[in-house]
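So the structure is just underneath, and the comments pick up after that.
All of the numbers you see were taken from the coordinates with simple rules; none came from a lab. Nothing here was measured: the structure is a model prediction, and the numbers come from that model. Virtual Cβ from ideal backbone geometry, glycine too; neighbours counted across all protein chains shown.
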Amino acid sequence: MTQVLRFSENFFFGAATAAHQVEGNTSNQWTDWEIDHADEWAHRGPDTDYGLGSMPKAVYEVLKDQIHDPSNYVSGIGADHYHRYEEDFDILCELNLGMYRFSVEWSRVEPDPGQFDQTAIDHYVKVVRALRERGIEPMVTLWHWTVPSWFEDQGGWTVDGAPQLFERFAGRMAEALGPEVTYYTTLNEPEVYTVQGFVTGEWPPGKVKSVKDRGKVRQHLAAAHRLAYQEIHRVNANAQVGLAQSQALWDTPFGLSWPFRKLWTWFSNRDGNHWFLRQLSDHLDFIGLQAYWHGQWRFAKPPQLVATRAMPKPYRSDLGWSQVGRDVHRLLTGLKQYGKPVFVTESGLADHADQYRAQYIDESLMGIYQAIQAGVDIRGYLHWSLLDNFEWDKGFWPQFGLVHIDRKTLKRTIRPSAFHYAEIASARGVKVEA
Ligand code: BGC
């Protein structure tokens with residue numbers, strides 16, 4: 001029997017992007033980093049571990065030309081969203097989506113220290129207006145991992161005074177956007193940035209196992225959030241300011257008989273999933289949850305604990321990540337302790353053939369529905385991503401978009417799963433087999 005799980009009139013169905021991944025022609029610390037590493041990344045083989053395992057062989061066969069092409073790893077024109085945002089917002093309308101999360105590119109707005117570029121600021125004012133004209137609620141992210149090169153050159157987030165520079169930028173944007181914007185996420189997945197930038201060294205600034213710097217950067221990012229939170233509220237009393245926090249669902253294999261792994265799983269949850277939320281809970285109007293990963297810890301040689309995939313009925317995305325849409329329910333109920341409204345500000349998967357996306361959306365929404373029933377105040381689901389985009393050190397080959405982008409012509413083609421999502425958004429309900 002088919003049952004429909006209905007969402008309230010106030011629940012937002014939406015989608016998300018980030019400036020460096022879609023705008024095109026950005027110039028920041030990542031632009032330099034990707035140019036320096038493109039050749040190296042293009043030489044990665046099919047067995048490369050992209051986080052939680054390697055890509056399925058069939059995916060490699062289809063995408064190998066892109067995977068081994070150095071130009072895949074340079075963001076370049078991106079999806080040219082900077083110029084085509086109106087066309088993209090028309091697609092949001094066609095898909096019945098009511099909220100759009102995007103980020104402001106700090107390096108455009110403040111290309112030199114203290115020098116703000118009015119044309120760039122006006123661009124984002126126009127972006128917000130274009131959304132409002134279409135009845136779409138904007139959610140503005142102020143930092144999605146990229147910073148101006150001058151900021152990085154003077155030591156980036158490791159330097160005392162960095163939070164105040166971010167506060168100044170945040171204040172400038174809040175003033176320019178005024179009452180047109182209610183929802184802000186200050187920082188995107190700060191803990192992911194600290195691990196990739198200061199532990200694995202895979203992302204700029206490329207420091208490896210730099211525990212001291214990572215600690216400093218965490219403190220500075222937390223301070224940056226607090227200052228921006230206050231500054232945005234000073235300018236716009238009605239603003240709702242949150243943080244986009246990535247959470248991985250960690251399982252302990254073999255239960256309690258492995259106390260060390262159990263302990264490590266507990267630590268991963270506490271340290272990775274909740275550190276920033278604990279620090280900032282008195283400066284959050286809502287929590288943005290970003291859900292992608294379901295992992296386990298296992299022992300490997302040389303003796304070490306490594307993250308692995310080994311989950312029940314996972315979708316193995318093109319990146320080899322095991323993803324179970326419904327898992328979001330467990331993460332959401334874990335947020336109940338903070339007593340804040342929650343948006344799922346990102347969740348999605350790399351799926352060039354669009355095999356699993358529709359099912360993933362259904363199951364994610366089922367998980368969200370279940371968490372609402374369990375008393376979590378969930379306000380919306382923003383699928384990652386609206387558009388195929390530049391997936392950081394993996395470049396363009398992983399395709400997360402509801403909308404496919406042709407890399408040569410930049411033509412937009414709406415994927416079947418997006419039409420499926422559009423039906424859900426229009427009915428404000430997801431069908432399940434009871
Ligand atoms: C990030 C996005 C990224 C997505 C998929 C999230 O952690 O915020 O920028 O594209 O994951 O990897």
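Using alpha carbon coordinates only, what is the Rg to Rh ratio of the chain, with Rh defined as the Kirkwood radius? Please list the in-between numbers first.
Values: Rg = 20.5 Å, Rh = 21.9 Å.
Looking at the chain, the ratio lands at 0.93.
A simple spin-label model places pseudo-atoms 7 Å from Cα toward Cβ; at D153 and T2 they are separated by 6.0 nm.
Extension gain, R44 to D65: 0.36 nm times the residue separation minus the Cα-Cα distance gives 6.4 nm.
Overall dimensions of the stretch 7-116, expressed as equivalent-ellipsoid semi-axes from the Cα gyration tensor (√(5λ), whole Å, largest first), are 29, 24, 13. Legend: Rg and Dmax of the stretch 307-416, from Cα coordinates, 15.1, 48 Å. In sequence order, the stretch 418-430 has phi-based couplings of 5, 5, 4, 4, 4, 5, 4, 5, 5, 7, 6, x, 10 Hz under the Karplus curve 6.51 cos²θ - 1.76 cosθ + 1.60, θ = phi - 60°, and Gly or Pro positions carry x.
Using 0.36 nm per residue and subtracting the Cα-Cα separation, the extra length available between A353 and T333 on full extension is 4.0 nm.
Percent relative contact order of the stretch 1-140, based on C-alpha pairs within less than 8 angstrom and at least six residues apart? Before the final figure, lay out each step's value.
Working: 148 pairs, mean separation 46.4, N = 140.
With pairs under 8 Å counted, the relative contact order is 33 percent.
Eigenvalues of the alpha-carbon gyration tensor of the stretch 152-192, scaled by 5 and square-rooted, set the equivalent ellipsoid semi-axes at 23, 14, 7 angstrom, largest first. With contacts taken as Cα pairs under 8 Å and at least 6 residues apart, the stretch 135-198 reaches a relative contact order of 63 percent.
Around Y229, what is the net charge, scoring Lys/Arg as +1 and Asp/Glu as -1 over all other residues with Cβ under 12 Å from its Cβ?
Numbers: positive: R226, R234; negative: E167, E231, D282, D285.
Result for the local shell: -2.
Stretch E133-R278 to full length: gain in nm at 0.36 nm per residue minus the Cα-Cα span?
On the way: separation 145, 0.36 × 145 = 52.20 nm, distance 3.75 nm.
Result: 48.5 nm gained on full extension.
Over all other residues within a Cβ to Cβ distance under 10 Å of A120, the charged ones net out to -3, with Lys and Arg as +1 and Asp and Glu as -1. What spacing in nm lies between the two simple spin-label points modelled at D406 and A237, each 7 Å away from Cα in the Cβ direction? The answer from the label model is 5.2 nm. Please list, by residue number, everything in the stretch 210-248 whose backbone N is under 19 Å from a paramagnetic label point 7 Å out along Cα→Cβ of D160. Those under the cut-off are 212-227. Note on the stretch 78-227: Cα convex hull, mean projected area over all directions, 9.1 nm². So, in nm, how far is label N269 from label F116 when the simple model puts each one 7 Å beyond its Cα toward the Cβ? Result for the modelled spin labels: 4.3 nm.
When only Cα pairs below 8 angstrom with a gap of at least 6 residues are kept, the chain shows a relative contact order of 21 percent.
Just to confirm a number: summing +1 for Lys and Arg and -1 for Asp and Glu over residues other than G242 whose beta-carbon lies under 11 angstrom from that of G242, what do you get? Could the numbers behind the result be given before it?
On the way: positive: R101, K340, R379; negative: D285.
Residues near G242 contribute +2 overall.
Rounded to the nearest Hz, the phi-derived 3J(HN,Hα) couplings of the stretch 128-139 under the Karplus curve 6.51 cos²θ - 1.76 cosθ + 1.60 (θ = phi - 60°) are 5, 4, 5, 5, 4, 4, 9, x, 9, 7, x, 10, where x marks glycine and proline. Distance from the alpha carbon centroid of the stretch 170-202 to that of the stretch 102-122 works out to 14 angstrom. Can you pull out the trypsin sites (Lys or Arg not before Pro) in the stretch 88-148 that DSSP calls coil and that have at most 13 other Cβ atoms within 10 Å? Here no loop site has a sparse enough neighbourhood.
To the nearest 20 debye, what is the magnitude of the charge dipole of the chain about its Cα centre, counting +1 on the Cβ of each Lys and Arg and -1 on the Cβ of each Asp and Glu?
Working: 44 positive and 54 negative charges, 340 e Å.
Using Cβ point charges on Lys, Arg, Asp and Glu, the chain gives about 1640 debye.
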